[in-house]
Amino acid sequence: MNEANYPTERNLDGIFFRVTRDGKGASLCFTDLTADEQESILSKYDREALQRMCTILAKTLRSIGDFLDIFGAED
């Protein structure tokens, strides 16, 4: 994968993982990883670690929503 296909690095969630991109190591937030990178990481962690990550992601999403005063779309 090349640089043009990587998500924009926003550093929103504060959950950093070490990945290799284009032969170089990078420490990136979970939400800045590609779907393949995320899947690879999720397959390596136990239930407790995944629960902690979900809690952090929920708090982060809530914080962003509160700050921007945004709501999900209604059907």
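Every number in this text was worked out from the coordinates using simple rules, so none of it is lab data. This is a predicted model, so every value here is computed, not measured. Here Cβ is always computed from backbone atoms with ideal geometry, including for glycine, and neighbour counts include all displayed protein chains.
Table: residues versus (1) in a helix (DSSP H, G or I); (2) in contact (Cβ under 8 Å) with a residue 12 or more places away in the chain; (3) surrounded by 10 or more Cβ atoms within 10 Å (Cβ to Cβ).
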position: A4; (1), (2), (3): yes, no, no
position: V19; (1), (2), (3): no, yes, yes
position: A26; (1), (2), (3): no, no, yes
position: S40; (1), (2), (3): yes, no, yes
position: E48; (1), (2), (3): yes, no, no
position: M53; (1), (2), (3): yes, yes, yes
position: D66; (1), (2), (3): yes, no, no
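Condition check for T60 on (1) surrounded by 10 or more Cβ atoms within 10 Å (Cβ to Cβ); (2) free of Cβ contacts under 8 Å to residues at least 40 places away in the same chain: one failure, at (2). Which one is farthest from the chain's Cα centre (by Cα), of the residues in the stretch 28-38 that are in a helix (DSSP H, G or I) and over 18 Å from I56 (Cβ atoms)? Filtering first and then ranking leaves D36.
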